[in-house]
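Okay, structure first, notes after.
The values are calculated or read from the model by the stated rules, or taken from the named source; none is laboratory data. Because the structure is a prediction, the values reported are computed rather than measured. Note: ideal-geometry Cβ built from the backbone for every residue, glycine included; neighbour counts use all protein chains shown.
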């Protein structure tokens, strides 16, 4: 089975607060129940160089040192998900950044109150997802495999 239209990938980082609170299984479960395909997964400690590249868009902000300190306070879990319009789908499941205003039912809406300590990072666009996946995963750390469940998640037209 070659589902050409389903090869879009996106990055999710389960942040230190979620690791410490034991939310990893619940977070993964939400994406799996949606029908997304997990193609990469690794626990890692983030260093200054990786964080500065990942957060280049906020690196000059006054609050950045706190973000860096928080993200280095514990290991994180980097996940790469694949599917049709996956970046958009993951953002909906994740909820808005300001977690105390996130919709109930979203990951942040159900498990977080903060802005930095909002349990999860998710790429905000297809373009950023491509960059972030390459930043966090080497090519040989991503796995291509058939997911027969796709026959029951997408129509034939969607599968390409």
| said: Which pairs turn up if I take residues in the stretch 121-143 that are on the phi < 0 side of the Ramachandran plot and at pLDDT 95 or above and look for partners that are surrounded by 19 or more Cβ atoms within 10 Å (Cβ to Cβ) and in a loop (DSSP other than H, G, I, E, B) with beta carbon separation below 8 Å, at least 6 apart in sequence or on another chain? | reply: 121/15; 129/123; 132/123; 133/123
| remark: Sole miss for residue 29 among (1) free of Cβ contacts under 8 Å to residues at least 24 places away in the same chain; (2) more than 17 Å from the chain's Cα centre (by Cα); (3) closer than 14 Å to residue 14 by Cα is condition (2)
